[in-house]
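The values are calculated or read from the model by the stated rules, or taken from the named source; none is laboratory data. Just so it is clear, the model here is predicted, and its values are computed rather than measured. Cβ atoms come from the backbone with ideal geometry, glycine included; neighbour counts cover every protein chain shown.
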Amino acid sequence: MYDSVKEILPAYNLLYISAFLACVLLIISFDIKKVYYKKYDFLVGCFIIIGLTYLFGSRDFSVGTDTPRYLMAFQFIWRTDSFSEAIISPFVARDPYFNGISYLFSKVVDIRGYFYVLAFLLVAPLFCAAYRMTNVNRSLVLVAFMSLFCIPNFGVNIMRNGLSLSFAILAITYLKDNKLKIGIAIASISVAFHLSSIVIFFMYVLSSFIKNKWYVLPVFFGSIFLALLKKGLKDLPIIGGIVRNQERLMAYNQEGGGISSLPLSYLLMHLATVAFALYLSTVIKDKFYHKLTITYMLLSSFYFLTSTMAFSYRFGILAWVLTPIILIYPLMTYRIFKRFQFTKLLGVIFVLALFSLYILNI
């Protein structure tokens, strides 16, 4: 899963370290001097966006297992003048809306420009989400997302998933504030890029009907138990029959490759994140964080129940992209510690980065 991105990791890690150190200066000023340098924060955010866009967009076309497929898909779409023919491109046949968007891009940019556009669309929604989540130290949100081990993979391999999930994060920030029209519109863009993100929105809506987060724990631990027994959705009564009739879902089980069991490192990450969220949700009384915690637990359960499938990590990322928000939202929104709160928040981000390095085997 990660071997194909290791060519860009040295540059990615250099960019990450630079951004992290820039945030250290920002946090020292904020926690010690009680001064917020808004322009500096904005410049750090721009540095991250430009750096990631250039890194992902300028990569060699041989980097990443999925890159050749996107290359062939764009070339096929670029050669056709028919929109109806473009959306049924055989190279990305499962997401015709993505082909339609690619068709529009193909009329104004070449293949290199296309990769730059996709890279920018991957990171720009996170930048916008950071601005909606907090009024201060917004670049910390971007650094938190950069700490996530699957972000480099979004940039060079599973780009459609990454684009979809970036817009999903942005949509959730609007749904959080009850701006339903904008939220639903952005959610539609997310689903258009990749249908799998509909699971996130389904779980988020479902969380609105669950008043007690502790009721979800039996589902969470039960799904872990089944995963350890190498049982999944397709083995469950009633649900199993429905799943087996879903062609796209079962395709992940038949294509081979990838991860076909539940790695211990992933399990530990889910357990630690849920423990962190459950604890902080008792410290703060925040309706959004309550829903976010339940959503994460439900998505984690879904991942555990699909962990026997060959490409199960593509379901795991639905929960993983919420990890940075789970970890940083309470500390960015509420005064939990009397002193050095953002310094401690930076420590949490650093631990996430170390864990990501462990998963990436660096």
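Quick check, is residue 166 of a type in the set (S, T, N, Q) and either crowded, with 22+ Cβ neighbours inside 10 Å or touching a Phe, Trp or Tyr at 6+ places or on another chain (Cβ under 9 Å) (or both)? Full working, then the answer.
Details: of a type in the set (S, T, N, Q): yes; either crowded, with 22+ Cβ neighbours inside 10 Å or touching a Phe, Trp or Tyr at 6+ places or on another chain (Cβ under 9 Å) (or both): yes.
When the stated conditions are applied, residue 166 passes them.
Restricting segment 34-87 to residues that are polar (S, T, N, Q) and part of a helix (DSSP H, G or I), which is farthest from residue 166 (Cα to Cα)? Show your work before the answer.
Residues of segment 34-87 that are polar (S, T, N, Q), as a first pass: 53, 58, 62, 65, 67, 75, 80, 82, 84.
Adding the requirement that they be part of a helix (DSSP H, G or I) leaves 53, 67, 75, 84.
Numbers: 53: 14, 67: 19, 75: 25, 84: 27 Å.
Selected residue: 84.
Regarding segment 271-278, can at least one residue be identified that is at pLDDT 85 or above and touching a Gly at 6+ places or on another chain (Cβ under 7 Å)? Spell out how you get there, then give the answer.
If we filter segment 271-278 for residues that are at pLDDT 85 or above, which is where we start, we get 271-278.
Now restrict to residues that are touching a Gly at 6+ places or on another chain (Cβ under 7 Å): none.
No.
Given the options 184, 189, name the one that is within 23 Å of residue 102 (Cα to Cα) and surrounded by fewer than 19 Cβ atoms within 10 Å (Cβ to Cβ). Talk me through it step by step, then tell me what you get.
On the way: 189 fails: surrounded by fewer than 19 Cβ atoms within 10 Å (Cβ to Cβ).
Sole residue among the options that is within 23 Å of residue 102 (Cα to Cα) and surrounded by fewer than 19 Cβ atoms within 10 Å (Cβ to Cβ): 184.
Check whether at least one residue in segment 314-325 is surrounded by 21 or more Cβ atoms within 10 Å (Cβ to Cβ), in contact with a Gly (Cβ under 6 Å, 6 or more places away or on another chain), on the phi < 0 side of the Ramachandran plot and among the aliphatic types (A, V, I, L, M), and report yes or no.
Pass one, segment 314-325, residues surrounded by 21 or more Cβ atoms within 10 Å (Cβ to Cβ): 315-325.
Applying the additional criterion that residues be in contact with a Gly (Cβ under 6 Å, 6 or more places away or on another chain) yields none.
The answer is no; no qualifying residue exists.
So if I check each of 53, 65, 80, which one is in contact (Cβ under 8 Å) with a residue 60 or more places away in the chain and surrounded by fewer than 19 Cβ atoms within 10 Å (Cβ to Cβ)?
On the way: 53 fails: surrounded by fewer than 19 Cβ atoms within 10 Å (Cβ to Cβ); 80 fails: in contact (Cβ under 8 Å) with a residue 60 or more places away in the chain.
Only one candidate passes the filter, namely 65.
Might you let me know whether segment 137-146 holds any residue that is among the basic types (Lys, Arg), touching a residue at least 40 places away in the same chain (Cβ under 8 Å) and in a helix (DSSP H, G or I)?
Filtering segment 137-146 for residues among the basic types (Lys, Arg) gives 138.
Subsequent filtering for residues that are touching a residue at least 40 places away in the same chain (Cβ under 8 Å) retains 138.
Next cut, in a helix (DSSP H, G or I) only: none.
The answer is no; no qualifying residue exists.
Taking segment 3-31 as the search range and keeping residues that are in contact with a Ser or Thr (Cβ under 7 Å, 6 or more places away or on another chain) and not aliphatic (A, V, I, L, M), which one is surrounded by the fewest Cβ atoms within 10 Å (Cβ to Cβ)?
4
Here is a check on your reading of the model: is residue 326 among the β-branched types (Val, Ile, Thr) and either assigned to a loop (DSSP other than H, G, I, E, B) or modelled with pLDDT under 85 (or both)? Before the answer, list the steps.
Working: among the β-branched types (Val, Ile, Thr): yes; either assigned to a loop (DSSP other than H, G, I, E, B) or modelled with pLDDT under 85 (or both): no.
Spelling it out, it is not the case that residue 326 is among the β-branched types (Val, Ile, Thr) and either assigned to a loop (DSSP other than H, G, I, E, B) or modelled with pLDDT under 85 (or both).
It is to be established whether one or more residues within segment 32-44 are in contact with a helix residue (DSSP H, G or I) (Cβ under 7 Å, 6 or more places away or on another chain), surrounded by 13 or more Cβ atoms within 10 Å (Cβ to Cβ), modelled with pLDDT under 85 and over 25 Å from residue 147 (Cα atoms).
So far as segment 32-44 goes, no, none of its residues is in contact with a helix residue (DSSP H, G or I) (Cβ under 7 Å, 6 or more places away or on another chain), surrounded by 13 or more Cβ atoms within 10 Å (Cβ to Cβ), modelled with pLDDT under 85 and over 25 Å from residue 147 (Cα atoms).
Tell me which residues, restricted to segment 17-69, are touching a Gly at 6+ places or on another chain (Cβ under 8 Å) and within 22 Å of residue 340 (Cβ to Cβ).
Passing the criteria: only 19.
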